[in-house]
Amino acid sequence: MESKAIEKEARLMKGNEALAEAAIRAKIDAYFGYPITPQSEILEYFSREMPNRGGIVLQAESEVASINMIYGAAGAGARVMTSSSGPGISLMQEGLSYIASAQLPCLVVNVSRGGPGLGTIQPSQGDYLQATKGGGHGDYHVIVLAPASVQEMADFVFDAFRLAEKYRNPAMILTDGALGQMMEKVILPEEGSLPKKTPEWATTGKPKWRERNIITSLFIQPEEMEKINLALQKKYELLKQEVRYEEFQTSDAEVVLVAFGLSARICQKVVELGREKGIRIGLTRPITLYPFPEKIINRLAKKIDFFLVVEMNAGQMLEDVKLSVNGICPVHFKGRMGGMIPSPEEVLEEVEMLLEKHSISHDMEVK
Amino acid sequence: MQQPHEIIFAGFGGQGILSMGQIIAYAAMIEGKEVSWMPSYGPEMRGGTANCIVIVSPVRISSPIITRFDSAIVLNQPSLDKFEPAVKPGGLILYEKSSIIKEPSRNDVEVLAIPALEEAQKLNKKQVANMILLGAFLEKRPLVNYDNILKALKKVLPERHHHLIPLNEQALLLGKQIATAENMTV
């Protein structure tokens, strides 16, 4: 009986396709994008599906054009998104800064690949700092969600729009080529289940009963610009209530891995392998990268021996973990770069090496 | 099925490596199991070799990317060289006979050579060699119900190729028979 029900609802989909299908079900008004591996399936999927299901899909002449189309459409109150990978996301930074300053909701998806430069098309997490620290000019942040499964690639589209619209702030889904390309079982969110109404600030023309709405990021008077900045900072403070994370076997852990996205999937395996060997190991997975789950990391720091941060980069989230730990316990790092993926075995080896260094006895009685 | 089963499918692009993996993944999903299908999409694919990792599990799958496998289904020599050492002791290496010059040397794993290309040519369609291998694999490791494989075939094969479903089914059955015969002789 149960398998019958699953047959009906569950689909086997690529991460990129699940994300695009979820966006259609979130009733986006428009998608503007430019193809780049490893996320071209998103544009392809929209091109195939959107004409029959409502909404505009447009292949822009460049990523710079895409993000400015997003700026315009979001200003008019439309639910809009774009997607790209590292090199294209870099081109979008100017526009993102404008959108953040003008306080408009939108979704930007980064299916990361190995950099810097044109780099490689293999998966990477090398865009963490760009995503979480603003990326463009000025004091701003985008809300960053990091899925770790095809299911979350779909679900987080809804979450991203919900947050973006609640806080009038651009949101980003930061994922990678592996999650975009892999297939898993996914149960898609229900079509039209994300409420939508035209916001009162949208530039939809001037009716008699109110003043005209203006969307701009130019506030030439410094006093005025400072006010905008203060409002932004207040908003980011408020955003902290949206922190999300997931924990695996941390309650009795002596060693805690911190990893997001694909690395967190690999680290789940490390926890499984480590526990088989009697190592008291757990994992904390930040789901929102901005706002960062600093409180839980800080709380754990007081009761464990050390953290090991695992990323597919040279140590970017590592900085946020260290700030959260604030010197309470040691924070180590294991990373691979340039599109290479760490294997669970090599991470476990690192854990064992560190345990030896910290000379913590393995609890061999644990079966 | 108590344990996850971790499989690597590897060979040249165009041999149907990715679809073999998709069919098993789809069939397992129909049965309510957890599945993941991770393709190689990078430069190695453009250079000619393709592979995908499929995990079928009764419980939530942790890493979709792994380096040790319960089974390897191999369709060319470079893939055998690469993945032979990655098969767990007691695991299975199943390969296309005519595509391999240097046979696997390990004796702590089960090794099975299937003349899939030769048999596919007899069916006048060398493209179904992958289905013969898949049939043989499922005979050896019945991870999923055979009926669900047939359902999955309809999902994975693009509609324009649906007239080839009977031929694919024939190839799957042929593979099963070859593997059964091998069992007898061993």
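Examine the range A:290-297 for a residue that is of a type outside the set (A, V, I, L, M), at pLDDT 95 or above, part of a strand (DSSP E or B) and within 30 Å of A:Gly115 (Cα to Cα), and state whether such a residue exists. Outline the logic, then answer.
Our first condition is that a residue be of a type outside the set (A, V, I, L, M); within the range A:290-297, this holds for A:290-295.
Now narrow it down to the ones that are at pLDDT 95 or above: A:290-295.
Cutting the leftovers down to part of a strand (DSSP E or B) gives us A:290.
If we keep only those that are within 30 Å of A:Gly115 (Cα to Cα) too, we end up with A:290.
Yes; the residues of the range A:290-297 include at least one that is of a type outside the set (A, V, I, L, M), at pLDDT 95 or above, part of a strand (DSSP E or B) and within 30 Å of A:Gly115 (Cα to Cα).
Could you count how many residues in the range A:315-349 are of a type in the set (Gly, Ala, Ser) and either outside any loop (DSSP other than H, G, I, E, B) or touching a strand residue (DSSP E or B) at 6+ places or on another chain (Cβ under 6 Å) (or both)?
In the first step, residues of the range A:315-349 are kept if they are of a type in the set (Gly, Ala, Ser); the result is A:315, A:324, A:327, A:335, A:338-339, A:343.
Within this subset, residues satisfying the condition of being either outside any loop (DSSP other than H, G, I, E, B) or touching a strand residue (DSSP E or B) at 6+ places or on another chain (Cβ under 6 Å) (or both) are A:315, A:324, A:335.
Going through the range A:315-349 one residue at a time, the tally reaches 3.
Checking the condition of a type in the set (D, E, K, R), more than 23 Å from B:Pro58 (Cα to Cα), in contact (Cβ under 8 Å) with a residue 12 or more places away in the chain and surrounded by 16 or more Cβ atoms within 10 Å (Cβ to Cβ), which residue from B:Glu118, B:Glu96 passes? Quick ask: steps written out before the conclusion?
On the way: B:Glu118 fails: surrounded by 16 or more Cβ atoms within 10 Å (Cβ to Cβ).
Answer to the check: B:Glu96.
Tally the residues that are touching a Leu at 6+ places or on another chain (Cβ under 9 Å), at the interface with chain B (Cβ under 8 Å from one of its Cβ atoms) and over 17 Å from A:Gln316 (Cα atoms), restricting the search to the range A:256-266.
Qualifying residue count for the region: 1.
So which residues in the range A:284-297 are away from every other protein chain (no Cβ under 14 Å) and within 16 Å of B:Ser62 (Cβ to Cβ)?
To start, the set of residues in the range A:284-297 that are away from every other protein chain (no Cβ under 14 Å) comprises A:284, A:286-297.
If the condition is that a residue be away from every other protein chain (no Cβ under 14 Å) and within 16 Å of B:Ser62 (Cβ to Cβ), then A:Thr284 is the only one that fits.
Does the range A:49-93 hold any residues that are among the small types (Gly, Ala, Ser) and in a strand (DSSP E or B), and which are they? Don't jump to the end; show me each part of the working.
Taking the range A:49-93 and keeping what is among the small types (Gly, Ala, Ser), we get A:54-55, A:60, A:62, A:65-66, A:72-78, A:83-86, A:88, A:90.
If the condition is that a residue be among the small types (Gly, Ala, Ser) and in a strand (DSSP E or B), then A:Ser83, A:Ser84 are the ones that fit.
Taking the condition buried (at least 21 other Cβ atoms within 10 Å of the Cβ), away from chain B (no Cβ under 14 Å), aliphatic (A, V, I, L, M) and assigned to a helix (DSSP H, G or I), does A:Leu300 pass? Step through it out loud before you land on a result.
On the way: buried (at least 21 other Cβ atoms within 10 Å of the Cβ): yes; away from chain B (no Cβ under 14 Å): yes; aliphatic (A, V, I, L, M): yes; assigned to a helix (DSSP H, G or I): yes.
Against the criterion (buried (at least 21 other Cβ atoms within 10 Å of the Cβ), away from chain B (no Cβ under 14 Å), aliphatic (A, V, I, L, M) and assigned to a helix (DSSP H, G or I)), A:Leu300 qualifies.
Residues checked against (1) under 26 Å from A:Gly339 (Cα atoms); (2) assigned to a loop (DSSP other than H, G, I, E, B):
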| site | (1), (2) |
| --- | --- |
| B:Ile66 | yes, yes |
| B:Ile73 | yes, no |
| B:Glu84 | yes, no |
| B:Leu94 | no, no |
| B:Glu103 | no, yes |
| B:Asn130 | no, no |
| B:Leu134 | no, no |
| B:Val144 | no, yes |
| B:Ala152 | no, no |
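Would you please list the contacts, defined by Cβ atoms under 8 Å and residues six or more apart or on different chains, that run from a residue in the range A:219-248 that is of a type in the set (S, T, N, Q) to a residue that is at pLDDT 95 or above?
Within 8 Å, the pairs are A:Asn229/A:Asp139; A:Gln233/A:Asp139.
Taking the range A:325-352, which residues are closer than 21 Å to A:Gly135 by Cβ and modelled with pLDDT of 95 or more? It would help to see each step written out before you state the result.
Just the residues of the range A:325-352 that are closer than 21 Å to A:Gly135 by Cβ, to begin with: A:335, A:337-339.
Those that are closer than 21 Å to A:Gly135 by Cβ and modelled with pLDDT of 95 or more: A:Gly335, A:Met337.
Conditions (1) out of contact with any strand residue (DSSP E or B) (no Cβ under 8 Å at 6 or more places or on another chain); (2) surrounded by fewer than 15 Cβ atoms within 10 Å (Cβ to Cβ); (3) more than 26 Å from A:Leu104 (Cβ to Cβ), marked per residue:
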residue	(1), (2), (3)
A:Leu179	no, no, yes
A:Met183	no, no, yes
A:Leu194	yes, no, no
A:Arg212	yes, yes, no
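Take B:Ser105 and tell me if it is away from chain A (no Cβ under 14 Å), within 28 Å of B:Glu169 (Cβ to Cβ) and either among the hydroxyl-bearing types (Ser, Thr, Tyr) or without any contact (Cβ under 8 Å) to a residue 24 or more places away in the chain (or both).
Details: away from chain A (no Cβ under 14 Å): yes; within 28 Å of B:Glu169 (Cβ to Cβ): no; either among the hydroxyl-bearing types (Ser, Thr, Tyr) or without any contact (Cβ under 8 Å) to a residue 24 or more places away in the chain (or both): yes.
Judged against the criteria, B:Ser105 is not a match.
Here's a check for you: in the range A:156-206, which residue that is among the acidic types (Asp, Glu) and within 14 Å of another protein chain (Cβ to nearest Cβ) is farthest from A:Ser84 (Cα to Cα)?
First pass over the range A:156-206, keeping only residues among the acidic types (Asp, Glu): A:159, A:165, A:176, A:184, A:190-191, A:200.
With within 14 Å of another protein chain (Cβ to nearest Cβ) added as a condition, the list becomes A:176, A:184.
Numbers: A:Asp176: 11, A:Glu184: 21 Å.
For the range A:156-206, the residue satisfying everything is A:Glu184.
Testing B:Glu182 on (1) assigned to a helix (DSSP H, G or I); (2) at pLDDT 95 or above, one condition comes back false. Which one is that?
(2)
On the basis of being within 14 Å of chain B (Cβ to nearest Cβ) and at pLDDT 95 or above, does A:Ile281 make the cut?
Details: within 14 Å of chain B (Cβ to nearest Cβ): yes; at pLDDT 95 or above: yes.
It is true that A:Ile281 is within 14 Å of chain B (Cβ to nearest Cβ) and at pLDDT 95 or above.
Within the range A:166-187, count every residue that is in a strand (DSSP E or B) and farther than 30 Å from A:Glu237 by Cα.
Final tally of qualifying residues: 4.
Given the options A:Ala100, A:Ala148, name the one that is outside any strand (DSSP E or B) and either at positive phi or within 16 Å of the chain's Cα centre (by Cα) (or both). Steps first, please.
Working: A:Ala100 fails: either at positive phi or within 16 Å of the chain's Cα centre (by Cα) (or both).
Unique residue meeting the criteria: A:Ala148.
In the range A:129-150, what count of residues is obtained for those that are under 29 Å from A:Glu184 (Cβ atoms) and touching an Asp or Glu at 6+ places or on another chain (Cβ under 7 Å)?
The number of residues fulfilling the criteria is 3.
The values are calculated or read from the model by the stated rules, or taken from the named source; none is laboratory data. Since we're looking at a predicted model, the values are computed, not measured. Because the Cβ atoms are built from the backbone with ideal geometry, glycine has one as well, and the counts that use them run over all protein chains shown.
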